[in-house]
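Down below is the structure, laid out as structure tokens.
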Amino acid sequence: TPPGLNAVTVSVHDASGQLVARLDLPAQTGMTNFDWDGSQLDGGQAPPGVYTLRAQASVNGEQVGLTTRVKANVDSVTLNPGGAGYSLNVNGVGRVAPGDVLEVS
């Protein structure tokens, strides 16, 4: 853990931007895997929908934004007009450029 790193928090927001869940993760360096089980702050289960993840770390008492990545299935591939490459249609995410994919498993 780097000096001064105290906490990592992931907040889950619904399509209207409302906070629906918060995950407190252990302070550590590098990529951290985590799962959200759909539980909301009020203890209920979140309905199906579009959610945004925002991760922050507390470093020396200052909040620092972190990059989040999600795992999702590719439903189909769309050829771009005029043969200018292709796009991936990713379940729950939408159209993604192949260069934005970080890992295939």
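Only the coordinates and a few stated rules stand behind these numbers; no lab work does. Note that the coordinates shown come from a computational prediction; the quantities given were computed from them, not determined experimentally. For neighbour counting, all protein chains shown are included, and Cβ atoms are generated from backbone atoms with ideal geometry for every residue, glycine included.
Can you tell me which of 68-79, 88-99 comes out highest on packing, and rank the rest after it, using the mean Cβ neighbours within 10 Å?
Packing proxy ranking, top to bottom: 88-99, 68-79.
Compute the relative contact order of the chain as a whole-number percentage, counting only Cα pairs closer than 8 Å that sit 6 or more residues apart in sequence.
This gives 22 percent for the chain.
Once you wrap a convex hull around the alpha carbon atoms of the chain, what is its projected area averaged over all directions, in nm²?
Spelled out: convex hull of the Cα atoms, projected over all directions, averaged, 8.8 nm².
Could you give each residue of segment 53-66 its phi-based ³J(HN,Hα) in whole Hz, using Karplus coefficients 6.51, -1.76, 1.60 with θ = phi - 60°, and x for Gly or Pro?
9, 10, 10, 9, 10, 9, 10, 6, x, 10, 7, 10, x, 10
Pull out the extension gain between S76 and N89, defined as 0.36 nm times the separation in residues minus the alpha carbon to alpha carbon distance; nm, one decimal.
Answer, rounded to one decimal: 4.2 nm.
Grab the other residues whose beta carbon is less than 13 angstrom from that of T32, score K and R as +1, D and E as -1, and report the net.
Overall, the nearby charge balance is -1.
Suppose every Lys and Arg Cβ carries +1 and every Asp and Glu Cβ carries -1, with no other charges. What dipole size does segment 1-72 come out with about its Cα centre, to the nearest 20 debye? All intermediate terms of the calculation are to be shown ahead of the outcome.
Working: 4 positive and 6 negative charges, 44 e Å.
Dipole magnitude for segment 1-72 comes out near 220 debye.
Would you mind calculating the gained length between D42 and L23 on full extension (0.36 nm times residue separation, minus the Cα-Cα distance), in nm to one decimal?
This chain segment gains 5.5 nm when fully extended.
Once you put a point 7 Å from the Cα of D100 and another 7 Å from the Cα of T9, both along the Cβ direction, what distance in nm separates them?
Calculated label separation equals 2.7 nm.
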